[in-house]
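The values are calculated or read from the model by the stated rules, or taken from the named source; none is laboratory data. None of the values given here were measured: they were computed from a predicted structure. Cβ placement follows ideal geometry from the backbone for every residue including glycine, while neighbour counts extend to all protein chains displayed.
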Amino acid sequence: MIRVKGVRWTYAGADAPTLDDLTLHVRHGETVVLCGPSGSGKSTALRLMNGLIPHFHDGELEGAVHVDGQAVADLALDRLGRRTGTVLQHPRRQFFTDRTETELAFALENFGEPPEHIRERVTTATAEHELGGFTGLSLQELSGGQQQQVACAAAAAHRPPLLLFDEPTSNLSAAAIERFTATLARLRAGGATIVIAEHRLHFLRGLADRVIAMRDGRVDAEWTGAEFGALDDDTLRAEGLRSLAPPQRPSLPRPHARGPSIAPGVGSSAVPPASGLALRGIRCAFRGRRVLDIEEAYLPAGAITAITGPNGAGKTTLARILTGLQRHEGEVLLDGRRLGRTRRQRASAIVMQDVQRQLFTDSVDAELRLAASQPEERSGALLRDLDLEPVKDRHPLSLSGGQQQRLVVAAARLSGRRIVVFDEPSSGVDRRHLHSITQVMRDLAADGAVVLVISHDEELLALAADRELRLRPH
């Protein structure tokens with residue numbers, strides 16, 4: 001199905017190739033996982049397979065890429081589009097419409113399918129991917145995880161023989177990952193060829209026919225699915241790969257909180273902290289639909305509080321409220337003093353789900369200087385700790401997704417703000433950098449900041465979280 005032979009690819013303006021003598025093949029009906037450290041070339045390899053390289057991205061390509069027996073360089077993108085479906089790391093970048101149903105229909109309409117066939121496929125895709133609760137809603141009203149689910153359904157709606165997934169579980173809750181795993185199994189049983197670039201690996205155990213570890217733009221190691229499932233944790237750690245065991249997180253104390261959006265559980269009986277955030281009567285609605293309702297909650301300074309809950313529970317909305325980016329009812333206090341939205345914006349830093357929207361300058365070094373309220377030596381140490389020193393002179397948009405994530409994490413660390421929110425900060429992050437990002441959070445908490453981490457990544461939460469505020473949808 002896919003043959004990549006001796007490919008060397010250098011993005012326009014880059015000093016070094018992203019792919020260097022990459023050779024791999026994927027057979028018809030096979031499910032192959034691409035893994036490896038952040039920046040190893042996984043996403044770029046997917047762009048070879050769907051034709052975005054060389055038809056969309058500028059750069060220099062050497063070697064040969066064939067999909068279904070035809071050279072990708074000789075096929076028009078519309079013909080490749082019929083053969084492939086792709087889910088990007090950040091799905092909102094690939095949406096073409098504003099509603100769930102029209103997004104599912106978009107590719108079929110562009111291929112000129114009959115209206116009755118389009119309606120049938122949209123109905124089937126909605127049922128198969130359990131999107132019934134999203135119909136009639138704007139895509140902008142959905143959470144990041146819900147958008148991810150829609151993107152997966154839209155990619156598969158025209159039933160392409162080749163499906164490519166780039167970090168498909170990065171914003172998904174545990175329940176949504178279970179649904180996605182079942183979807184993969186169904187697609188695999190139906191004969192689809194599937195290539196998945198992932199850092200989270202435990203859910204793929206038993207699904208992958210082969211696992212390919214990449215490093216420095218080439219294949220570093222390869223295993224059958226059975227061989228990979230038998231690897232011990234020391235071998236995985238040496239390759240920079242995450243654990244294959246389902247993550248286990250200890251039960252965490254709950255901060256004092258109550259309201260319809262607070263999931264049932266035993267809250268702390270301790271006196272609310274004098275230092276930190278207090279929320280009173282926080283309510284937020286979109287188009288008449290209430291998405292967050294918290295009567296009161298206390299989030300202490302000097303600790304890392306995990307904000308958890310299923311997709312659509314209002315976690316990102318809460319992050320936007322706390323950082324002054326979202327209108328709402330109620331009040332937010334810091335150390336007992338009421339903070340309006342403008343003052344909260346000045347007192348807070350946020351690492352968004354799609355960090356590319358937070359990059360403003362023409363180099364990594366300049367990005368950190370823009371953010372920094374800290375001495376310059378702190379910036380140099382962070383660059384080393386987060387493995388960004390070798391790319392400090394590169395344009396931020398030329399970095400891999402994981403490198404961009406770590407850059408914005410570093411900028412938040414240097415900001416000197418009292419409120420720091422991390423919204424899914426481990427998207428595109430390998431095993432080693434889970435630890436380095438956790439250390440950044442711990443350093444912020446030690447400096448007296450209110451540190452909040454919104455995540456479905458149980459591995460990150462097991463490392464980082466001191467307490468847990470769990471939300472539930474309305």
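When GLY428, GLY448 are screened for being in a loop (DSSP other than H, G, I, E, B), touching a residue at least 40 places away in the same chain (Cβ under 8 Å) and over 22 Å from ALA197 (Cβ atoms), only GLY448 passes. Meeting the requirement of 3 or more residues that are farther than 30 Å from HIS474 by Cα and at pLDDT below 90, the helices (runs of 4 or more DSSP H) wholly within the range 72-141 are 77-83.
Condition check ((1) at pLDDT 95 or above; (2) surrounded by fewer than 18 Cβ atoms within 10 Å (Cβ to Cβ)) across all residues:
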position	(1), (2)
ALA257	no, no
SER268	no, yes
LEU279	yes, no
ILE282	yes, no
ILE294	yes, no
GLY309	no, no
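Could you please find all residues in the range 37-81 being at positive phi, in contact (Cβ under 8 Å) with a residue 40 or more places away in the chain and crowded, with 23+ Cβ neighbours inside 10 Å?
GLY39, GLY41
When the criteria are applied in full, ARG384 meets the requirement of being in a helix (DSSP H, G or I) and either without any contact (Cβ under 8 Å) to a residue 12 or more places away in the chain or not β-branched (Val, Ile, Thr) (or both).
When you scan the range 357-370, do you find a residue that is touching a residue at least 40 places away in the same chain (Cβ under 8 Å) and more than 17 Å from HIS395 (Cα to Cα), even just one? No - not one qualifying residue is present in the range 357-370. If you go through the range 109-143 and keep only what is in contact with a strand residue (DSSP E or B) (Cβ under 8 Å, 6 or more places away or on another chain) and surrounded by 14 or more Cβ atoms within 10 Å (Cβ to Cβ), you end up with LEU137, LEU139, GLU141. Considering every residue within the range 329-342, establish whether at least one is in the same structural domain as ASP447 (by TED's automatic domain parsing), within 23 Å of ASP443 (Cβ to Cβ), modelled with pLDDT of 90 or more and part of a strand (DSSP E or B). Yes; the residues of the range 329-342 include at least one that is in the same structural domain as ASP447 (by TED's automatic domain parsing), within 23 Å of ASP443 (Cβ to Cβ), modelled with pLDDT of 90 or more and part of a strand (DSSP E or B).
Please verify whether LEU382 is surrounded by fewer than 22 Cβ atoms within 10 Å (Cβ to Cβ) and hydrophobic (A, V, I, L, M, F, W, C), treating the condition exactly as stated. So LEU382 does not fit the description; no.
Of all residues in the range 98-108, none satisfies the criterion of being closer than 15 Å to GLY85 by Cβ and surrounded by fewer than 13 Cβ atoms within 10 Å (Cβ to Cβ). Whether a residue is part of a helix (DSSP H, G or I), at pLDDT below 90 and surrounded by fewer than 16 Cβ atoms within 10 Å (Cβ to Cβ) was assessed, and LEU397 passes this test. Determine whether the range 53-68 contains at least one residue that is under 26 Å from the mean Cα position of the chain (by Cα), assigned by TED's automatic domain parsing to the domain that holds ALA197 and under 24 Å from ASN171 (Cα atoms). Looking for residues that are under 26 Å from the mean Cα position of the chain (by Cα), assigned by TED's automatic domain parsing to the domain that holds ALA197 and under 24 Å from ASN171 (Cα atoms), one finds none in the range 53-68, hence no.
Among the residues in the range 62-69, are any acidic (Asp, Glu) and in a helix (DSSP H, G or I)? No: zero hits. Annotation: SER373 fulfils all but one of (1) assigned to a loop (DSSP other than H, G, I, E, B); (2) crowded, with 20+ Cβ neighbours inside 10 Å; the unmet one is (2).
If the condition is being small (Gly, Ala, Ser), crowded, with 23+ Cβ neighbours inside 10 Å and in a loop (DSSP other than H, G, I, E, B), then the range 144-187 contributes ALA157, SER170.
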